[in-house]
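Below is one structure, written out as structure tokens, with a few remarks after it.
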């Protein structure tokens with residue numbers, strides 16, 4: 001028997017997750033909580049389940065680092081939420097963000113030392129680094145572990161998230177907001193947050209990506225692009241990336 005409904009926000013880096021968090025925090029206040037988890041093995045579901053169970057007053061949970069199958073907690077209906085984005089735009093935004101970020105992370109230091117091409121080439125050459133290579137596919141695939149290819153598992157994960165919760169496109173944020181409100185109002189009748197855009201990194205004044213680099217990034221993110229095409233179909237959006 002379900003006694004509680006919670007929102008579980010998969011906050012992917014540079015996918016408008018901060019804007020979603022602002023909407024959740026504005027409505028839920030202190031009942032919105034956030035935490036991060038070790039990602040070794042691509043499965044921290046047990047830790048997420050414990051987090052939800054151990055915070056009975058919380059109604060909205062957000063994390064950058066949740067990986068693994070959707071959590072299941074007895075008596076709790078979990079509504080997962082995730083935003084997706086044109087992967088080339090996401091990578092460019094990540095570079096601009098890390099270049100300005102006051103942090104000593106490897107990515108931030110790399111962005112400050114290199115131009116965009118150097119940043120991308122270094123990350124593509126780094127073993128296991130998915131920031132510039134099918135990042136969204138790599139994360140959604142963890143929802144459906146098994147013998148199938150990563151892309152097939154990512155497609156299954158996308159379908160699961162759409163069935164159970166809300167997926168959105170950053171490029172169609174207003175449409176996401178409408179779907180988000182419609183999905184949450186049965187459990188939270190007064191959920192009606194104003195659209196929010198937070199932690200955005202402007203692309204104005206940025207240099208155009210050289211053709212060769214753009215081609216390389218397109219090839220390295222072919223599965224992310226294909227995943228967005230499928231997301232568009234599920235959401236009734238135009239087939240393009242913008």
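The values are calculated or read from the model by the stated rules, or taken from the named source; none is laboratory data. Nothing here was measured: the structure is a model prediction, and the numbers come from that model. Heads up, the Cβs are rebuilt from the backbone with ideal geometry, glycines too, and the neighbour counts pull from every protein chain shown.
If you check residue 44 against the conditions, is it within 17 Å of the chain's Cα centre (by Cα), in contact (Cβ under 8 Å) with a residue 12 or more places away in the chain, farther than 24 Å from residue 93 by Cα and surrounded by 14 or more Cβ atoms within 10 Å (Cβ to Cβ)?
yes
Can you find even one residue in region 114-136 that is touching a strand residue (DSSP E or B) at 6+ places or on another chain (Cβ under 9 Å), crowded, with 21+ Cβ neighbours inside 10 Å and under 18 Å from residue 7 (Cβ atoms)?
No, the conditions are met nowhere in region 114-136.
Pick out the one residue from 115, 129 that is without any contact (Cβ under 8 Å) to a residue 12 or more places away in the chain, within 26 Å of residue 225 (Cα to Cα) and touching a helix residue (DSSP H, G or I) at 6+ places or on another chain (Cβ under 7 Å).
129
May I ask you to verify whether residue 75 is over 15 Å from the mean Cα position of the chain (by Cα), without any contact (Cβ under 8 Å) to a residue 60 or more places away in the chain, on the phi > 0 side of the Ramachandran plot and exposed (fewer than 13 other Cβ atoms within 10 Å of the Cβ)?
Considered against the rule, which asks whether it is over 15 Å from the mean Cα position of the chain (by Cα), without any contact (Cβ under 8 Å) to a residue 60 or more places away in the chain, on the phi > 0 side of the Ramachandran plot and exposed (fewer than 13 other Cβ atoms within 10 Å of the Cβ), residue 75 comes out as no.
Within region 85-103, take every residue that is out of contact with any helix residue (DSSP H, G or I) (no Cβ under 6 Å at 6 or more places or on another chain) and closer than 23 Å to residue 240 by Cα and give me the one that is surrounded by the fewest Cβ atoms within 10 Å (Cβ to Cβ).
89
Would you check which residues across region 2-47 are in a loop (DSSP other than H, G, I, E, B), out of contact with any helix residue (DSSP H, G or I) (no Cβ under 9 Å at 6 or more places or on another chain) and modelled with pLDDT of 95 or more and list them?
Passing the criteria: 36, 39, 43, 44.
Residues 82, 52: which one is buried (at least 16 other Cβ atoms within 10 Å of the Cβ), more than 26 Å from residue 231 (Cα to Cα) and either free of Cβ contacts under 8 Å to residues at least 40 places away in the same chain or in contact with a strand residue (DSSP E or B) (Cβ under 7 Å, 6 or more places away or on another chain) (or both)?
52
Which condition breaks for residue 35 when tested against (1) surrounded by fewer than 19 Cβ atoms within 10 Å (Cβ to Cβ); (2) over 17 Å from the mean Cα position of the chain (by Cα); (3) in contact (Cβ under 8 Å) with a residue 12 or more places away in the chain?
(2)
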